[in-house]
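These notes concern the structure reproduced below.
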């Protein structure tokens with residue numbers, strides 16, 4: 001089954017939060033408290049609650065999160081006439097998350113449900129679990145509905161599950177069919193996937209084949225940093241070990257990701273672009289590169305930036321190895337201002353149930369973290385017209401199911417950002433040696449982590 005309309009994709013990345021639709025940031029912080037509306041003047045909660053006698057449940061999110069835009073709040077309110085849902089949003093996660101930690105620490109200023117980005121979930125489960133409601137036994141919550149690794153990401157060491165996944169970012173490789181044809185490479189997505197199946201070094205070798213007959217002014221990939229993010233996303237062990245020790249310097253998986261990405265740069269296979277910068281955005285329409293590692297949420301980004309000029313030229317193939325980049329969770333603070341943790345937990349469970357995740361995907365392009373949703377027609381049969389009707393439901397479901405259970409650490413984002421934007425960027429854009437780039441990145445990380 002095809003989407004009747006092309007879904008609107010929200011972009012929430014592991015290294016940067018990119019919003020396709022601006023959302024007004026709150027001047028007063030995270031808060032949208034939850035309270036019973038009354039018949040007294042001014043008794044209605046903020047944010048346009050207006051429902052006298054109703055229980056108002058507040059939800060704090062970052063960016064264009066999409067639950068409200070997908071119509072899920074309105075549907076829940078229709079099913080529960082005594083509930084009013086009020087959402088507040090802070091545009092960027094780097095502003096939202098520190099405030100969330102501050103409010104959790106003080107036990108005040110919290111919404112009844114808060115969103116948490118995947119790069120922050122390890123710190124939240126490790127340091128804030130006692131401030132959050134255990135959602136394990138909430139009506140409607142079934143561990144078997146979720147990807148195993150997603151459920152584990154939201155579970156504290158004590159065994160309590162305090163975060164329910166809304167979506168994930170399983171990765172494929174988006175490629176330009178027209179450029180592949182000109183370079184003498186196959187264009188059929190199955191044949192393209194076989195070029196690099198099982199090994200990121202095969203992706204590198206495919207790039208060298210492309211370079212031999214590359215259309216003038218084009219490169220094989222956008223930049224070395226994006227390649228490195230994709231490779232590290234396919235490894236269970238990345239920056240931390242299971243005891244919480246920082247191991248990225250000695251981890252063979254990170255060394256391999258670094259070396260392969262640096263070779264992409266030194267071999268002249270990149271367009272030397274930094275992701276989410278204006279030059280990267282315009283390159284989608286101008287056809288400056290032939291492939292990009294793309295999690296499910298990036299399809300909408302490519303469509304938005306590529307526009308009519310690139311329509312029908314892009315396609316999607318399986319990545320060399322299953323990996324994940326992105327995703328978020330919902331948590332229920334015990335100190336939510338409305339003092340209705342049970343009602344809030346029920347809503348969080350409903351929003352992350354398979355049927356709602358499928359609708360979230362259909363309307364917003366956020367790929368479900370619920371395996372049960374993968375068998376629903378709206379996901380299973382999903383195709384994307386812009387990408388040559390690629391069967392994105394099947395491609396990304398397989399990637400999600402096969403992705404490794406990753407060990408997450410509290411400062412994953414700090415490490416990943418410095419490896420890419422301090423170290424690899426120097427190698428890719430400034431022609432520094434791999435060793436010099438690595439030294440610059442590790443120095444910046446050591447300073448940031450106070451090692």
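The values are calculated or read from the model by the stated rules, or taken from the named source; none is laboratory data. Small disclaimer: the values here were computed from a predicted structure and weren't measured. Positions of Cβ are backbone-derived with ideal geometry, glycine not excepted, and every protein chain shown enters the neighbour counts.
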I need the full set of residues from region 80-132 which are closer than 19 Å to residue 154 by Cα, under 20 Å from the mean Cα position of the chain (by Cα) and in a strand (DSSP E or B), in order please. 113, 114, 115, 116, 117
Unique residue being surrounded by 23 or more Cβ atoms within 10 Å (Cβ to Cβ) and not assigned by TED's automatic domain parsing to the domain that holds residue 286 when the list is 344, 353, 335, 349: 344
Per-region count, region 68-79, residues in contact with a strand residue (DSSP E or B) (Cβ under 7 Å, 6 or more places away or on another chain) and assigned to a helix (DSSP H, G or I): 3
Working carefully through the options 397, 416, find the one that is assigned to a helix (DSSP H, G or I), touching a helix residue (DSSP H, G or I) at 6+ places or on another chain (Cβ under 6 Å) and touching a residue at least 24 places away in the same chain (Cβ under 8 Å). 397
It is to be established whether one or more residues within region 75-90 are touching a residue at least 60 places away in the same chain (Cβ under 8 Å) and farther than 23 Å from residue 359 by Cβ. yes
Any chance residue 330 is outside the structural domain of residue 413 (by TED's automatic domain parsing), under 23 Å from residue 372 (Cα atoms) and in a strand (DSSP E or B): yes
Looking only at region 400-409, how many residues end up being outside any helix (DSSP H, G or I) and either modelled with pLDDT of 95 or more or touching a strand residue (DSSP E or B) at 6+ places or on another chain (Cβ under 8 Å) (or both)? 5
Just checking, does region 412-426 include any residue being in the same structural domain as residue 296 (by TED's automatic domain parsing), farther than 26 Å from residue 63 by Cα and surrounded by 24 or more Cβ atoms within 10 Å (Cβ to Cβ)? yes
So, restricting to helices (runs of 4 or more DSSP H) that lie completely within region 168-252, which ones have at least 2 residues that are at positive phi? none
Identify, please: which residue in region 293-324 is assigned to a strand (DSSP E or B) and touching a helix residue (DSSP H, G or I) at 6+ places or on another chain (Cβ under 6 Å) and is, among those, farthest from residue 193 (Cα to Cα)? 314
Hits in region 267-277 (condition: surrounded by fewer than 24 Cβ atoms within 10 Å (Cβ to Cβ) and modelled with pLDDT of 95 or more): 267, 268, 271, 272
Taking the stated definitions as given, is residue 135 under 23 Å from the mean Cα position of the chain (by Cα), modelled with pLDDT of 95 or more and not in a loop (DSSP other than H, G, I, E, B)? no
Does residue 166 satisfy being more than 30 Å from residue 438 (Cβ to Cβ) and at pLDDT 95 or above? yes
